[in-house]
Each structure stands twice: as structure tokens, then as C-alpha cells.
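Undergrad: My questions will all concern the structure given below.
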Amino acid sequence: MLHVFGEDFRGAHRGLDGMCPDTEGNIIACGGWRQAVPGPMVYVFSPTGRVLETHPVPVNWLTNCASGGRGLDTLYVTTHGGHFFRINNTGRRWSVLFPRKPYRFRECSS
């Protein structure tokens with residue numbers, strides 16, 4: 001998937017950050033910021049990369065989104081400034097991807 005946000009005299013606009021899939025193959029992604037048009041938003045992209053929906057967010061610099069909730073219909077969004085949003089009953093069901101084998105986390109030494 002590729003989406004061009006454009007650029008202006010300040011340079012390229014900030015692109016996508018965190019993202020998660022829904023059960024229809026769409027990608028829900030955080031992107032944009034107040035310093036450039038169109039501003040901070042949650043985007044819904046089709047599997048072909050077309051923008052299906054945009055949802056403006058009232059704070060700057062979105063960092064991630066994740067799915068959850070009892071019916072897998074809740075979206076969580078975080079920001080660089082420490083804000084945490086929960087959007088219930090989004091009308092979407094999220095796809096939760098599980099690895100085939102459990103990951104083994106090991107502490108890294110420097």
C-alpha cells in the first residue's frame with residue numbers, strides 16, 4: 001500500500017505511522033499532523049490503497065492504533081503527546097493476527 005500525502009515549502013508531509021487490519025482486508029492507519037494539510041487523521045484504506053474514510057483527530061501527531069474490545073469493534077489510538085483515545089462501536093470488526101508459534105522474547109545485551 002502506498003499513499004502520497006504531498007509536500008509544500010516545508011517539505012514532505014508526515015505519512016502513516018501505526019496501522020491495523022480489519023476483517024475485510026482494509027487497513028486502518030494513523031497519519032498526518034497539524035503542520036500540514038490535511039492534519040492528523042485516522043484513515044481507512046481499501047486493499048487496493050484507495051482512501052475509504054478519514055476521521056480527524058483533535059490532537060497532533062498520532063503514533064499508533066490497535067484493535068480490541070469484547071466484540072473486536074473498538075479502536076484505540078495513541079499520540080506522541082501521551083493522549084489515548086478509545087472509539088467504541090466503530091462498525092468494523094478487527095482482525096487479530098496470531099503467530100503460528102509463540103514468540104520467545106529474549107533480553108538484548110549491549
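Undergrad: Please state the equivalent ellipsoid semi-axes for the range 7-87: what are the square roots of 5 times the Cα gyration tensor eigenvalues, largest first, in whole Å?
TA: With the √(5λ) rule applied to the range 7-87, the semi-axes are 22, 16, 8 Å.
Undergrad: For a quick check of your reading of the filter: which chymotrypsin sites (Phe, Trp or Tyr not before Pro) in the range 24-69 sit in a DSSP loop and have no more than 10 other Cβ atoms within 10 Å?
TA: Nothing satisfies the criteria.
Quick note: the coordinates plus some simple rules give every number you see, no bench work behind them. All values reported here derive from a predicted model rather than from experimental measurement. Reconstructed Cβ throughout: ideal geometry from the backbone, glycine too, with neighbour counts over all protein chains shown.
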